[in-house]
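Input: a single structure, listed below in structure tokens.
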Amino acid sequence: MAHQTDSASSSDPSDTPGAAATASATSTAAADPSALATDLREALRPLWRRLGEHRTLSMGKVGILSRLDRHGALTATVLAAHERISHQAVAGAVRELEQMGLVSRSPDPADGRRVLITLTDSGRARLDTERSAGQEWLIHAVTDELSESERATLAAAVPLLGRLDAEGTR
């Protein structure tokens, strides 16, 4: 169902079929954090699946590559803490990523007992490919399914969604 806007369409969202019910449901969910969390999870789940359809690496591996891309070389312990997964899971993923040539390991110059994990050039290229998986679908969905004002609302929500995981970015 596409929501197209044109010069003849009203800018009053209440003129849109179902807008009053949507506005009522939105205000109810906003007042009840539990309902809002449930609605958000249910709205994000199918989108996340669609975005992941064309990925070739697991979400965990993409998370590790992304973290290394943003923060540079890190230890497995730091990666585990940031990605909120066990040290053993990070070690296994890093072994696989290293076998694929996407990361490298080297002694920490500040503490030779520690090992730093670094994103390789191949890893950065693969990360770019993984990040773009599903991007064309999402661009078309945003363009075809949302009006200009709905796209503005979604754009305003993106920083708020990022804040929900602020703990994970510190």
| said: If the requirement is being out of contact with any Lys or Arg (no Cβ under 6 Å at 6 or more places or on another chain), in a helix (DSSP H, G or I) and surrounded by 11 or more Cβ atoms within 10 Å (Cβ to Cβ), which of these qualifies: Leu116, Leu161? | reply: Leu161
| Which number in (1) touching a Lys or Arg at 6+ places or on another chain (Cβ under 9 Å); (2) open to solvent by 80 Å² or more (accessible area, probe 1.4 Å); (3) modelled with pLDDT of 95 or more marks the one condition that Thr169 misses? | (3)
| task | Could you check, for region 112-132, whether at least one of its residues is at pLDDT 90 or above, aliphatic (A, V, I, L, M) and touching a Ser or Thr at 6+ places or on another chain (Cβ under 6 Å)? | result | yes
| query | Which one is surrounded by the most Cβ atoms within 10 Å (Cβ to Cβ), of the residues in region 128-143 that are assigned to a helix (DSSP H, G or I) and within 13 Å of the chain's Cα centre (by Cα)? | reply | Glu130
| field | When residues of region 144-158 are limited to those that are part of a helix (DSSP H, G or I) and either basic (Lys, Arg) or in contact with a helix residue (DSSP H, G or I) (Cβ under 8 Å, 6 or more places away or on another chain) (or both), the one nearest to Gly63 (Cα to Cα) | value | Leu154
| request: Could you give me the residue pairs with C-beta distances under 8 Å whose first residue belongs to region 99-126 and is farther than 17 Å from Gly72 by Cβ, whose second residue is open to solvent by 70 Å² or more (accessible area, probe 1.4 Å) and among the hydrophobic types (A, V, I, L, M, F, W, C) wherever it lies, and which are 6+ apart or on separate chains? | output: Arg126/Met100
| field | Matching residues, region 27-45, being at pLDDT below 90 and open to solvent by less than 80 Å² (accessible area, probe 1.4 Å) | value | Ser27, Ala29, Ala30, Asp32
| query | Only one residue in Asp108, Asp128 is within 24 Å of Asp165 (Cα to Cα) and either touching a strand residue (DSSP E or B) at 6+ places or on another chain (Cβ under 6 Å) or among the acidic types (Asp, Glu) (or both), so which one is that? | reply | Asp128
| message | Return the pair list, or none, for Cβ contacts closer than 6 Å from residues in region 50-62 that are open to solvent by 100 Å² or more (accessible area, probe 1.4 Å) to residues that are aliphatic (A, V, I, L, M), at least 6 apart or on different chains. | response | His54/Ala133
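The values are calculated or read from the model by the stated rules, or taken from the named source; none is laboratory data. Quick caveat, the model's predicted, so the values are computed rather than measured. Cβ atoms come from the backbone with ideal geometry, glycine included; neighbour counts cover every protein chain shown. Just the protein is used for accessible areas: all its heavy atoms, side chains included, with ligands, DNA and RNA removed. Shrake-Rupley method; radii C 1.70, N 1.55, O 1.52, S 1.80 Å.
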